[in-house]
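A short worksheet on the structure shown next.
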Amino acid sequence: MNIYIGLFILGILIGLVIDFWRKSKLIYRIQRFQLNQLICQRFNCTKTDYSLRRFDDGYLVSIKDKEYRIKLSNTRKPKITFVKAIQRIKEVQK
C-alpha cells in the first residue's frame, strides 16, 4: 500500500516538473518574439535584417553596417529603454 502511494506521489512530481519545463520554454519563446518585434519596430527592419547578441546587461544589435547597444526594461512587456550607436573597430591585418 505504501509503495503505491509513493509511486503516485512520484508520478505527480514528474508531471509537475515536465509541465514547468514546457512552460519555461514557452515563456522563452514569447520573450524572444517580443524582442524581435521591438527591434523591428525601433529600427524599421525585418527579422532577417539584423543579428542579436547578448552583451553585458543588454544586447548588441547589428544592422547592415551599424551596431547598436540596447537595454530593455524588466517588465512583463519589455520596452527598449536605452539605445546607443557603437562604432566598429576594424582590425589591422599584419
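Every number in this text was worked out from the coordinates using simple rules, so none of it is lab data. Just so it is clear, the structure is predicted and the values come from calculations on it, not from any experiment. Because the Cβ atoms are built from the backbone with ideal geometry, glycine has one as well, and the counts that use them run over all protein chains shown.
Things to note:
- Lone unmet requirement of (1) within 17 Å of the chain's Cα centre (by Cα); (2) assigned to a loop (DSSP other than H, G, I, E, B) for Gln93: (1)
- Of residues in the range 32-73 being touching a strand residue (DSSP E or B) at 6+ places or on another chain (Cβ under 6 Å) and of a type in the set (Ser, Thr, Tyr), the one surrounded by the most Cβ atoms within 10 Å (Cβ to Cβ): Tyr68
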